[in-house]
2 protein chains.
Amino acid sequence: METDEVLLAVDPSLRGTGIAVLECRSGKVRCLHFDVVKNAPKLTVAGCLLEIHCRIGGTIEKFTPSAMAIESVIYVQSFPTAITLGSARGAALLAAAQRGLAIHEYAPRRVKQAVVGTGAAQKSQVAFMVRTLLGLTVTPPPDAADAIAVGLTHFQSLGRRR
Amino acid sequence: METDEVLLAVDPSLRGTGIAVLECRSGKVRCLHFDVVKNAPKLTVAGCLLEIHCRIGGTIEKFTPSAMAIESVIYVQSFPTAITLGSARGAALLAAAQRGLAIHEYAPRRVKQAVVGTGAAQKSQVAFMVRTLLGLTVTPPPDAADAIAVGLTHFQSLGRRR
């Protein structure tokens, strides 16, 4: 239960993919890095995917995590949105699979439950709790906070103490 | 209107991605290659994406097309299906974008209209017409036929004669 692990956590979306790298050492979780891949509205879908794939790939090269945690998706507003979100997820999964990372998926409600204590939490609550739980000196931007939350859910699900 | 072009055409799906390479030379379209990336039901989503990305990449390296034609997606049975289909599309778009191919999208109805003459054609009709139009000696498997149909739509949309 106390095995050390460096984890990549990703909250994918075409225009704002949240990336985080968390480390669990002797049962204590630290945030090593967080970032958001912001893609301009004018960039093509393919251009956005290139950027997401490249930035996640670069993060893996730099921090050499052994696994990736990512939110599963159950409901989206519309079919075109689901297709677009799916393509962003595909770029993230591919970047991780190409480097041999184990992939763990967590449902959105489970992520909110793990971090805020309720499955219906607002994005701002997630960011606040993530900052509090990890003792960060700044509040991460919402997309990065969502990625960190997925990572915390992973460690919680392994029964690790924060 | 008669510019020569080698085109990659793709009909993405997680378990059966159709791939085709078409060449238009002096207004005449030929099929250089078709194939289906079949992924076993037991393979993980990430494993399927790796295979799709790798096989499309390999096809691009071999035939050096300058562009990719792909179906746009408007409607899918369910949100999880849309997310999964989107991830397969993402892997295909990424393979093309990484090699600098121009990307052209065509709506499914337009593809069927172009090849069969009606937007509500069955898959078997598409395969039959694709074989007839290109004078193929065998009927391509349905997923490959759909990819070829997208390619034919591209050339038709450029006003080229088959």
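Laboratory data are not the source of any read-out in this text; all were calculated from the coordinates shown. The structure presented is a predicted model; accordingly, all values stated were derived computationally and were not measured. Here the Cβ is made from the backbone with ideal geometry for all residues, glycine too, and neighbour counts use every protein chain on show.
Taking springs between alpha-carbon atoms closer than 10 angstrom, which of B:Arg25, B:Arg89, B:Arg15 fluctuates most in the Gaussian network model of chain B?
For chain B, modelled as a Gaussian network with Cα springs under 10 Å, the answer is B:Arg25.
When the helix-only estimate is applied to the protein assembly as shown (DSSP H runs of n ≥ 4, each -39,500 (n - 2.57), divided by the residue count), what is the mean residue ellipticity at 222 nm, nearest 500 deg cm²/dmol?
Values: 10 runs with 151 residues, N = 324.
Estimated from H runs of four or more residues: -15500 deg cm²/dmol.
Averaged over every viewing direction, what's the projected area of the C-alpha convex hull for the protein assembly as shown? Give it in nm², one decimal, please.
Details: hull surface 68.0 nm².
It is 17.0 nm².
What's the center-to-center distance, using Cα atoms, between the stretch A:26-78 and the stretch A:133-151 in Å?
Between the Cα centres of the stretch A:26-78 and the stretch A:133-151 lies a distance of 13 Å.
At 7 angstrom along the Cα-to-beta-carbon line, where would the label on A:Val6 sit relative to the other copies? Give the distances in nm, shortest first.
Those separations, rounded to one decimal, come out as 4.1 nm.
Given contacts defined as C-alpha pairs under 8 Å and at least six residues apart, what's the relative contact order of chain B, whole-number percent?
Values: 319 pairs, mean separation 49.1, N = 162.
Answer for chain B is 30 percent.
Among the listed pairs A:Lys62/B:Lys38; A:Lys38/A:Lys62; B:Lys38/B:Lys62; B:Lys28/B:Lys62; A:Lys28/B:Lys42, which have their C-alpha atoms separated by more than 30 angstrom in this model? Provide the component values of the computation, followed by the final result.
Numbers: A:Lys62/B:Lys38 34 Å; A:Lys38/A:Lys62 20 Å; B:Lys38/B:Lys62 20 Å; B:Lys28/B:Lys62 21 Å; A:Lys28/B:Lys42 35 Å.
Long pairs (Cα-Cα over 30 Å): A:Lys62/B:Lys38; A:Lys28/B:Lys42.
Which cross-chain or sequence-distant (5 or more) residues have an amide H under 5 Å from the amide H of B:Tyr106, H modelled 1.01 Å from N in plane?
Here B:Ile70, B:Glu71, B:Ser72 satisfy the definition.
What Kirkwood hydrodynamic radius do you get for the stretch B:51-128 when you take the inverse of the mean 1/r over all pairs of distinct Cα atoms, in Å?
Numbers: mean 1/r = 0.0717 Å⁻¹.
For the stretch B:51-128, the Kirkwood estimate is 14.0 Å.
Shortest first, in nm, what separates the label point of B:Glu105 from those of the same position in the other copies (7 Å along Cα→Cβ)?
2.3
Just A:Ala121, A:Ala88, A:Ala144 to compare: in a GNM of chain A, with alpha carbon springs under 10 Å, which one fluctuates most?
A:Ala121
If the label for A:Thr137 sits 7 angstrom from Cα along the Cα-to-Cβ line, what are its distances to the same label in every other copy, in nm to one decimal, shortest first?
Label point to label point, same position, other copies: 7.2 nm.
Would you kindly give the portion of the calculated P(r) for the stretch A:5-161 that falls above 20 Å, as a percent of all Cα pairs? If you can, show how the numbers build up before the last one.
Working: 5421 of 12246 pairs.
The share of Cα pairs beyond 20 Å in the stretch A:5-161 comes to 44 percent.
Starting at the first residue of the stretch A:52-61, write each ³J(HN,Hα) from the Karplus equation 6.51 cos²θ - 1.76 cosθ + 1.60 with θ = phi - 60°, in whole Hz, x for Gly and Pro.
Computed from phi, the couplings for the stretch A:52-61 are 4, 4, 5, 5, 5, x, x, 5, 5, 4 Hz.
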